[in-house]
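Trainee: Structure in structure tokens, see below.
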């Protein structure tokens, strides 16, 4: 059998089977044309690491703690389990672009990597080489470590600049600039600076500079540091677009863009007092001309191969981490929940969530969802067209689709161009690029899908929060219970109450309206069912199918009809017609072919705020339905 077949039979990953073959752990395994073959009757090898795990539990742990929320490089690499990303420095020094922009989703290690760059390059009184001598970069040799500790560094992080008004945002940025001037206290008495320049340093350090002065602060600080040290500084701006996103959400977008445009232009564009610049963020924000004329900017997006392995954890790094924390047998669960991202040519795990998983005694949950605002996806859903909602439904079914991706997407495009939502979702970490082509410029045609279970949870939670403004939670639970119990009396009563409470006669105009409401109610059962809508089955297209994720649960089919000004008798007849359509067009064929033990079938008819339901159940053993009509 092949590696793939062995992995399926043993319940482990193909990577793990390949490792077992390479290390001689599988008797009789042989390699032919780069492919391993394993005797068919081979049993799964015992996991030696699991045995070590049991033994390790009997002695006090000497393992390093997990770096939860640690973004200080010195602290992380000294006191915590650190995943070595120092080869990012080698790649940069091999290329040496004047200004580099790294765009990655939040919580993928951007701040820690930027602090690593600062620690490596910054000229200080401390010998900071001790933090790198046992790291991969030091083994690369003298051409690389000769740059260690040789540059003055300007470091600003905007990751916590999250305020509802421009005034609060500006005051915070102003204080960050003042703190950076204070950090370079050597300038206050520098013999290389004129009296006027020292006055400017004091002005910024005291926080008394005006807004125009603050826009020029980066340009001035690079000049002063260059004059004092004789070496042009390195500028590092972490999460530069956080204030921009806040401006978009809270209505001061134009003001923050105007400030940032002048701030970056002065410090990064044609600046002879700059050695190198590094910026990180989620979006490029290119089309506002925030980097206008900055022709020395090298953009490294999630679709680029260069630097693809340095933000987030690779599969090898996660396997090593799992072994270190005696949880190798949990690797597949880690893959299901937190793998699935693809940056350039590298498969990537969400590092924040992997760390959270180990810290939570290897119990999975959506750790990333709670790390920040999901305003972007909420806005997408609030303004979603029917086509977008249908595609989001496909994603939650584990499917993919092809769409245009613009890596230079900007925040206002969400409202002006609905099709841009997939570009936002991809760069923000809510989608993965399964494959892509770059036909022209910076635009791509991508096949996109949800990365993993964690992101599926985020979608479900955000979509349900949108539905809850229309569907009261108590009503939804009562209707779900009635559907599941096949209590037709209760279901009709609950649906009628729901219609009376939530819709007007004007709203109740079409079958599509009722379809959307019922689909929303069913979606709240998505942890137990895979829900599909308007899909081909048998000899037609059913309205709603609920495929059980647990074989002990029944399958559910729902067909909807609506009529205008129907009498009770007409409404009952319409419900029966809907139910009969399920039988006549064999909508249950797929569920029956999957050996689902029973299928609940509902024909539901609406007229205004009135409802009638016909139902029966198909049982695999009996093979014949029992029918009830109300």
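Trainee: Conditions: (1) assigned to a helix (DSSP H, G or I); (2) surrounded by fewer than 23 Cβ atoms within 10 Å (Cβ to Cβ); (3) assigned by TED's automatic domain parsing to the domain that holds residue 106; (4) touching a helix residue (DSSP H, G or I) at 6+ places or on another chain (Cβ under 7 Å). Residue 273 meets all but one. Number of the miss?
Mentor: It fails just one condition, (1).
Trainee: Any chance the stretch 284-296 includes a residue that's closer than 27 Å to residue 404 by Cβ and either part of a helix (DSSP H, G or I) or free of Cβ contacts under 8 Å to residues at least 12 places away in the same chain (or both)?
Mentor: yes
Trainee: For residue 174, indicate whether it is more than 22 Å from residue 229 (Cβ to Cβ), in the same structural domain as residue 124 (by TED's automatic domain parsing) and touching a strand residue (DSSP E or B) at 6+ places or on another chain (Cβ under 8 Å). Walk me through how you get there before you give the answer.
Mentor: Working: more than 22 Å from residue 229 (Cβ to Cβ): yes; in the same structural domain as residue 124 (by TED's automatic domain parsing): yes; touching a strand residue (DSSP E or B) at 6+ places or on another chain (Cβ under 8 Å): no.
Against the criterion (more than 22 Å from residue 229 (Cβ to Cβ), in the same structural domain as residue 124 (by TED's automatic domain parsing) and touching a strand residue (DSSP E or B) at 6+ places or on another chain (Cβ under 8 Å)), residue 174 does not qualify.
Trainee: On to the next question. Find the residue count for the stretch 242-262, including only residues that are without any contact (Cβ under 8 Å) to a residue 60 or more places away in the chain and buried (at least 23 other Cβ atoms within 10 Å of the Cβ). Spell out the reasoning first.
Mentor: Restricting attention to the stretch 242-262, the residues satisfying the condition of being without any contact (Cβ under 8 Å) to a residue 60 or more places away in the chain are 251, 254, 257-258, 260-262.
Cutting the leftovers down to buried (at least 23 other Cβ atoms within 10 Å of the Cβ) gives us 260.
Looking only at that region, the number is 1.
Trainee: Please state which one of 125, 94, 115 is under 30 Å from residue 270 (Cβ atoms) and surrounded by fewer than 13 Cβ atoms within 10 Å (Cβ to Cβ).
Mentor: Being under 30 Å from residue 270 (Cβ atoms) and surrounded by fewer than 13 Cβ atoms within 10 Å (Cβ to Cβ) holds for just one of 125, 94, 115, which is 94.
Trainee: Quick one: which of 258, 207 is at pLDDT below 95, in the same structural domain as residue 115 (by TED's automatic domain parsing), under 20 Å from residue 160 (Cβ atoms) and over 28 Å from the mean Cα position of the chain (by Cα)?
Mentor: 207
Trainee: Being in the same structural domain as residue 243 (by TED's automatic domain parsing) and modelled with pLDDT of 80 or more narrows it down to one of 74, 106, 63, so name that one. Break it down stepwise before answering.
Mentor: Numbers: 74 fails: in the same structural domain as residue 243 (by TED's automatic domain parsing); 63 fails: in the same structural domain as residue 243 (by TED's automatic domain parsing).
From the options 74, 106, 63, the qualifying one is 106.
Trainee: Here's something else I'd like to know. With closer than 18 Å to residue 495 by Cβ and either at pLDDT 80 or above or out of contact with any strand residue (DSSP E or B) (no Cβ under 9 Å at 6 or more places or on another chain) (or both) as the only criterion, which of 563, 555 stands out?
Mentor: Values: 555 fails: closer than 18 Å to residue 495 by Cβ.
Of 563, 555, the one residue that is closer than 18 Å to residue 495 by Cβ and either at pLDDT 80 or above or out of contact with any strand residue (DSSP E or B) (no Cβ under 9 Å at 6 or more places or on another chain) (or both) is 563.
Trainee: If you don't mind, another one. Which numbered condition in (1) modelled with pLDDT of 95 or more; (2) not in a loop (DSSP other than H, G, I, E, B) is the only one that residue 311 fails?
Mentor: Unmet condition: (2).
Matching residues to (1) touching a strand residue (DSSP E or B) at 6+ places or on another chain (Cβ under 6 Å); (2) under 30 Å from residue 65 (Cα atoms); (3) in the same structural domain as residue 328 (by TED's automatic domain parsing); (4) at pLDDT 85 or above:
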position	(1), (2), (3), (4)
388	no, no, no, no
410	no, no, no, no
430	no, yes, no, yes
436	yes, no, no, no
444	yes, no, no, no
449	yes, no, no, yes
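Trainee: Keeping to the stretch 231-246, report how many residues are more than 15 Å from residue 160 (Cβ to Cβ) and in contact with a helix residue (DSSP H, G or I) (Cβ under 7 Å, 6 or more places away or on another chain). Even if it seems obvious, please write down each step before you answer.
Mentor: Kept after step one, since they are more than 15 Å from residue 160 (Cβ to Cβ), are these residues of the stretch 231-246: 231-236.
Narrowing the set further to residues that are in contact with a helix residue (DSSP H, G or I) (Cβ under 7 Å, 6 or more places away or on another chain) leaves 232-236.
Going through the stretch 231-246 one residue at a time, the tally reaches 5.
Trainee: Return yes or no: is residue 257 under 27 Å from residue 407 (Cα atoms) and part of a strand (DSSP E or B)?
Mentor: Working: under 27 Å from residue 407 (Cα atoms): yes; part of a strand (DSSP E or B): no.
Here the answer is no, as residue 257 does not meet what is asked.
Trainee: Taking only the stretch 333-358 into account, find how many residues are part of a helix (DSSP H, G or I) and either at pLDDT 95 or above or surrounded by 15 or more Cβ atoms within 10 Å (Cβ to Cβ) (or both).
Mentor: Residues that pass the stated criteria total 13.
Trainee: I would also like to ask the following. Being more than 17 Å from the chain's Cα centre (by Cα) and farther than 30 Å from residue 531 by Cα is the filter; apply it to the stretch 399-408 and report the residue that is modelled with the highest pLDDT.
Mentor: Pass one, the stretch 399-408, residues more than 17 Å from the chain's Cα centre (by Cα): 401-404, 406, 408.
Filter once more, keeping what is farther than 30 Å from residue 531 by Cα: 406, 408.
On the way: 406: 79, 408: 70.
Among those that are more than 17 Å from the chain's Cα centre (by Cα) and farther than 30 Å from residue 531 by Cα, it is 406.
Trainee: Residue 520: farther than 12 Å from residue 587 by Cα, surrounded by fewer than 19 Cβ atoms within 10 Å (Cβ to Cβ), at pLDDT below 70 and in contact with a helix residue (DSSP H, G or I) (Cβ under 8 Å, 6 or more places away or on another chain), yes or no? Write out each step before concluding.
Mentor: Details: farther than 12 Å from residue 587 by Cα: yes; surrounded by fewer than 19 Cβ atoms within 10 Å (Cβ to Cβ): yes; at pLDDT below 70: yes; in contact with a helix residue (DSSP H, G or I) (Cβ under 8 Å, 6 or more places away or on another chain): yes.
Criteria met by residue 520.
The values are calculated or read from the model by the stated rules, or taken from the named source; none is laboratory data. What you are looking at is a predicted structure, and each value in this text was computed from that prediction instead of being measured. Cβ coordinates were reconstructed from backbone atoms using ideal geometry, including for glycine residues, and neighbour counts include every protein chain displayed.
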